[in-house]
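Scroll down for the structure; my scribbles are underneath it.
The values are calculated or read from the model by the stated rules, or taken from the named source; none is laboratory data. Here the structure is a predicted model, which is why all the values come from computation and not from measurement. In this analysis, Cβ positions are derived from the backbone assuming ideal geometry, glycine residues included, and neighbour counts consider all displayed protein chains.
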Amino acid sequence: MSDTASTLATVKNRVFSGAQPSGNMHLGNYLGAFRNWVRLQDTYECIYCVVDMHAITVWQDPAELTAQTREAAAAYIAAGVDPKNSILFNQSRVPGHAELSWIFNCVSRLGWLNRMTQFKDKAGKNREKVSTGLYIYPNLMAADILLYKATHVPVGEDQKQHLELTRDIAQKFNHDFGVELFPLTEPIIMGEGARVMSLRDGTKKMSKSDPSDASRINLNDDTDTLARKIRKAKTDAELLPAKADMLEGRAEAQNLVGIYAALTDISRDQVCADFEGKGFGDFKKALTDVVVSKLAPITEEMKRLQADPSYIDSVLKDGGERAQMIAAPILADVKKAVGFLS
Ligand code: TYM
């Protein structure tokens, strides 16, 4: 168990996290999220959700959404999420997510949403044309977490601002309605893999929505594809230095060293010390070996699971029922606090 996990084990915790089934799951999802979800599940009550309602904030072909929802669930399980121990379900099965998010739409402030950098990035110049769902998405994310009174949320660094908003919403709800209903949820942002960058541009995060497939390592890439993507990853002509802080200003080099460190659970300094004076040709070969040895078993297991969609569907159904049991009494308390008659 990591230090963070053992420290947190002393308090009563419930973990909630999720990922969007809006494209290929990639190395950033694995290192920033899934791997940490797996590490937390022995110590905490964990709820892991495939957030299909978030995915439709941008257009999703319905048949593909169904397939990608199953693929995401397969990725969670293949990465090590144990659906017997943790709860694994898809968001739209539990109606409380939509119900609570409406209440939060009325608690959250326009000014708060206007500050969300992810909306600005995703909407870009197209602001007037994006769905209103994309804009209020952070309120739904707060509802996901607080519907279960989750105390901890393991995520990559890009979700930090959304979790700050979740705390603001919890605090304002408690204050406005004079209750102590919602906890102030803590983010868990762990280790070297919290921010994995694009293989084509070390200043952009690795993302499902990047139009270039060569920018990311997908969890369903075969070994040859992985090797080719790493070989072609952008780098520079300089050698690896003795220490990680000497990589300053070399975004792509920093990223590859960070990926190696995260996958082998050693520090960036140690990676630099091990490869000092070597060029990226040699380093990329070693990185390929590490990526393949860690990801190939996951890719294989995903394939095996996806060949049995009825198994995945039964896991999600069972998870949805267990999630609903936790959510129902919390949502009833929320509605009572708001003054809804039932
Ligand atoms: P999503 O689907 O973009 O990503 C899922 C998880 O993967 C992490 N991640 C990364 N970590 C490191 N480097 C990267 N390049 C990288 N890309 C993605 C994300 O930080 C995330 O942890 N809004 C969320 C989904 C969500 C959620 C929630 C998360 C909805 N409700 C409630 C936690 C709790 C999202 O779009 O993640």
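Look at (1) in a loop (DSSP other than H, G, I, E, B); (2) in the same structural domain as Gly277 (by TED's automatic domain parsing); (3) hydrophobic (A, V, I, L, M, F, W, C) and you find that Leu184 fails only one, number (2).
When the range 103-152 is limited to residues that are touching a helix residue (DSSP H, G or I) at 6+ places or on another chain (Cβ under 8 Å) and polar (S, T, N, Q), the one that is nearest to the ligand (Cβ to nearest atom) turns out to be Gln118. Here the range 122-179 is the region considered, the condition is being of a type in the set (Ser, Thr, Tyr) and part of a helix (DSSP H, G or I), and the residue that is farthest from the chain's Cα centre (by Cα) is Thr132.
Checking each residue in the range 83-108 for being more than 29 Å from Val315 (Cβ to Cβ) and free of Cβ contacts under 8 Å to residues at least 12 places away in the same chain picks out only Cys106.
Among the residues of the range 293-329, those identified as part of a helix (DSSP H, G or I), surrounded by fewer than 17 Cβ atoms within 10 Å (Cβ to Cβ) and among the aliphatic types (A, V, I, L, M) are Ala296, Met325, Ala328. Screening Cys272 on (1) crowded, with 17+ Cβ neighbours inside 10 Å; (2) touching a residue at least 60 places away in the same chain (Cβ under 8 Å) shows it passes everything except condition (2). Of the residues making up the range 182-200, those that are over 17 Å from Glu157 (Cβ atoms), buried (at least 16 other Cβ atoms within 10 Å of the Cβ) and not aromatic (Phe, Trp, Tyr) are Pro183, Leu199, Arg200. Among the residues making up the range 42-58, those that are within 16 Å of the ligand (Cβ to nearest atom) and assigned to a loop (DSSP other than H, G, I, E, B) are Tyr44, Val51, Ile56, Thr57, Val58.
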